[in-house]
Amino acid sequence: MGKKVEITCISCPMGCDVELEIDNDDQIKCMEGASCKAGEKYVKNEYYNPTRILPTTARVKNGVLPLVPVKSKDPLPKELLEKAMREIAKVELKAPVKLGDVVVKNILDTGVDIVSTRDIPKGI
């Protein structure tokens with residue numbers, strides 16, 4: 001006896017509600033509600049390996065602002081987001097910070113860099 005899982009697809013504006021039937025080996029047995037191949041691909045990936053872009057902030061020393069917005073350059077595994085946030089919270093950058101500067105290289109050995117998404121000039 002398996003289980004049913006519902007995932008809302010966000011690969012296009014239609015937002016299909018896709019129902020998955022999962023077998024006892026945690027494999028997708030049946031999928032209903034996806035209206036396109038892109039949706040099927042998204043839902044499979046979301047079930048087996050959910051990932052997210054991580055937007056947050058990092059501290060800046062001697063900047064005109066005390067924080068700089070940062071994000072993961074690529075999606076990170078969903079289960080690592082909290083741990084990644086703790087790692088980013090340990091960082092204190094020195095102003096100036098430029099858009100695209102690498103804030104944390106290869107966070108948590110994922111191959112994904114955390115980059116700044118704004119310039120922060122040096123303060124007076």
Subset of segment 65-91 that is part of a loop (DSSP other than H, G, I, E, B) and not aliphatic (A, V, I, L, M) - its residue that is surrounded by the fewest Cβ atoms within 10 Å (Cβ to Cβ): Lys90
Candidate set: segment 37-55, residues that are of a type in the set (Phe, Trp, Tyr) and open to solvent by less than 80 Å² (accessible area, probe 1.4 Å); chosen: the one nearest to Asp101 (Cα to Cα): Tyr42
Search result, residues across segment 80-106 that are more than 26 Å from Val64 (Cβ to Cβ) and among the hydrophobic types (A, V, I, L, M, F, W, C): Leu80, Leu81, Ala84
Any hit, segment 19-37, residues being in a strand (DSSP E or B) and either β-branched (Val, Ile, Thr) or under 20 Å from the mean Cα position of the chain (by Cα) (or both): yes
Test: residue in segment 103-118 that is assigned to a strand (DSSP E or B), out of contact with any Cys (no Cβ under 8 Å at 6 or more places or on another chain) and open to solvent by 60 Å² or more (accessible area, probe 1.4 Å): no
Residue check for Ala58: surrounded by 14 or more Cβ atoms within 10 Å (Cβ to Cβ) and at pLDDT 95 or above: yes
First in segment 50-62 and in contact (Cβ under 8 Å) with a residue 12 or more places away in the chain, second anywhere and acidic (Asp, Glu), Cβ under 7 Å, 6 or more apart: Arg59/Glu92; Lys61/Glu92
Test: residue in segment 30-53 that is closer than 30 Å to Ala95 by Cβ, hydrophobic (A, V, I, L, M, F, W, C) and modelled with pLDDT of 95 or more: yes
Evaluation of Lys105 against (1) in contact (Cβ under 8 Å) with a residue 12 or more places away in the chain; (2) within 19 Å of the chain's Cα centre (by Cα) (one fails), failing number: (1)
Residue among Leu67, Leu93, Leu80, Leu99 that alone is in contact with a helix residue (DSSP H, G or I) (Cβ under 6 Å, 6 or more places away or on another chain) and modelled with pLDDT of 95 or more: Leu80
Residues (in contact (Cβ under 8 Å) with a residue 12 or more places away in the chain and open to solvent by 100 Å² or more (accessible area, probe 1.4 Å)) located in segment 1-36: Met1, Lys3, Lys4, Glu6, Ile10, Met14, Asn24, Lys29, Glu32
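The values are calculated or read from the model by the stated rules, or taken from the named source; none is laboratory data. The model shown is predicted, which means the values in this text are computed figures rather than measured ones. Don't worry about glycine lacking a Cβ; one is built from the backbone with ideal geometry, like all the others, and counts go over all protein chains shown. Accessible surface is based on the protein model in full, side chains and every heavy atom, while ligands, DNA and RNA are left aside. Shrake-Rupley method; radii C 1.70, N 1.55, O 1.52, S 1.80 Å.
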